[in-house]
2 protein chains.
Amino acid sequence: MNTPTPQARSSVLVGFDADDTLWKSEDYYRAAEKTFQSIVGEYIDMTNPQTAGHLLAVERRNLGIYGYGAKGMTLSMLEAAIEMTAGRISTADISRILQLGHDTLRHPVDLLDGVREAVAAIATEHPVVLITKGDLFHQESKIKRAGLQDILPRIEIVSEKDPATYARVLAEFAVPMERFVMIGNSLRSDAEPVLALGGWAVHMPYAMTWAHEQEHGVDADHPRLRHVSCAAQWPQTVASISALIEEGAHA
Amino acid sequence: MNTPTPQARSSVLVGFDADDTLWKSEDYYRAAEKTFQSIVGEYIDMTNPQTAGHLLAVERRNLGIYGYGAKGMTLSMLEAAIEMTAGRISTADISRILQLGHDTLRHPVDLLDGVREAVAAIATEHPVVLITKGDLFHQESKIKRAGLQDILPRIEIVSEKDPATYARVLAEFAVPMERFVMIGNSLRSDAEPVLALGGWAVHMPYAMTWAHEQEHGVDADHPRLRHVSCAAQWPQTVASISALIEEGAHA
């Protein structure tokens, strides 16, 4: 029989981040932010960096109430626009900001180069799971539109990617952290908590990173961290990590 | 040994809805809606039922983009307010509506009478799971504040309570639908899809129901539907359903 033994098939669990790892996302948020800045720029001078940074400040103070996602971003944009213009913004421009929210929630889901092939190759060797944070409704909609359910049927949508969340997800899979590899574009969300718990991380930087995600304490030379530049490198990287895990387990 | 056999302990899975089943929720949404109507009422005549119903119309047309929850409600309120006042609403009043969103997201989580005792009693006899729809971040925040994690550790936050969603959750528990009892206040979300799949439902009406949830096709005399008026009746109701399931299984 060619059926792999349970050990061979299920030894190492591979997690995938979604936004800016499987498909483009930050581009759409950045485009919305640029439009926001130009709308507010019709009222006030936006060359002052503190003024330009006010949206991020509002988003951060609201994170504990709104969580992540395009709906919270839109609400924070409205709040920031009223504050920045001292209430002078017109309702027509408020409507334009509401429309930015709609547009961001319905942005196209374009898989990054080589993603489908890389995920499919890894899924034939390992159990796989998509672990993404953000808005449940929007993430489910994107996953459907990406058409990856056939190769990535297990999905965990979480409100924060911290060590407690990864520990809970791994417990549900009954997999120890040292047999878990997380692939993602964010050192803060995809690598740092996983490495802290004893797991492995594959970092593929995206062309742009949200300022909030740029704060992390990951050593680029961490022994359980790998760096890749495209999805085509994922299968080989996972295979080499998997070999190291098996060596360690049998040492 | 007093450890129950797997059959005895895990024979019937009991699901609990959250909002307006475990704790008050709709009251806060209704209060927000009332404040919304009074804000818009400063600009236009709200005695016309079509005018008063415009918010629900906007919420419904946005359900496919925003999903359920207080953030989507707030965005729909802003959209509706601008439409209803033909753009005359002031930014001060836009800010009041944004504040309504904040207040709704941070409303107190008050358990309904007898809920803790009823859930605890059922959890000693059956595996239990909380199944709630809406905003992931807000629901997680309420579950934490309710302090029910000790007796209800398994939580499924879903974007829609339709047959496909219940089927997926039950598959994760490896429980057949005919051994599942769902307790909730909504015939549309908690009873109809579960009954359609062959499961059991316990309906406890809440004092108020969102108009959207009032549309359902459930026969009040359905043989697998029970009606209760308070949480204290849950354990006995589940026990009698459980006995019927076991009888059926051994018939």
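Values in this text are rule-based calculations from the coordinates and carry no lab data. Note that the structure is predicted; figures quoted are calculated from it, not measured. So basically every Cβ, Gly included, is an ideal-geometry build from the backbone, and we count neighbours across all protein chains shown.
Here are some notes:
- Measuring max minus min along each principal axis, the C-alpha atoms of the stretch B:137-217 give extents of 34, 34, 20 Å (largest first).
- Helix B:70-84 vs. chain B, principal-axis angle (Cα, 0 to 90°, nearest 10): 30
- Computed [θ] at 222 nm, deg cm²/dmol, the protein assembly as shown (DSSP H ≥ 4; -39,500 (n - 2.57); rounded to nearest 500): -15000 deg cm²/dmol
- Other copies of A:ILE155: label-to-label distances in nm, shortest first, labels 7 Å along the beta-carbon direction: 2.0
- Dipole magnitude of chain A, debye to nearest 20 (Cβ charges: Lys/Arg +1, Asp/Glu -1, about Cα centre): 440
- On Cα atoms only, tilt of A:26-40 relative to the major axis of chain A in degrees: 10
- Computed about its Cα centre, the charge dipole of the protein assembly as shown is approximately 100 debye, with only Lys, Arg, Asp and Glu carrying charge at their Cβ.
- Across identical copies of the chain, B:PRO205 has label-point separations of 6.2 nm, listed in ascending order, with the point defined 7 angstrom from Cα along Cα→Cβ.
- Share antiparallel - DSSP beta bridges, chain B, percent rounded to 5: 5
- Selection from B:THR51, B:HIS227, B:SER141, by position along the positive dipole direction of chain B (Cβ): B:SER141
- Other copies of B:ALA57: label-to-label distances in nm, shortest first, labels 7 Å along the beta-carbon direction: 4.1
- Overall Cα dimensions of chain B - principal axes, largest extent first, Å: 71, 35, 29
- Taking all pairs of distinct alpha-carbon atoms in the stretch B:92-194, Kirkwood radius in angstrom: 15.5
- Greater than 18 Å apart at Cα, pairs in A:LYS133/A:LYS161; B:LYS24/B:LYS142; A:LYS24/A:LYS133; B:LYS34/B:LYS133; A:LYS34/B:LYS71: B:LYS34/B:LYS133; A:LYS34/B:LYS71
- Quotient of Cα Rg and 2.2 N^0.38 Å for the stretch B:23-138, N being how many residues it contains: 1.30
- Column: log10 I(q)/I(0), Debye, Cα scatterers of the protein assembly as shown, q = 0.06, 0.07, 0.08, 0.09 Å⁻¹: -0.32, -0.44, -0.57, -0.72
- Dipole of the stretch A:27-105 [Lys/Arg +1, Asp/Glu -1 at C-beta], most positive-end residue of A:VAL40, A:THR91, A:LEU75: A:LEU75
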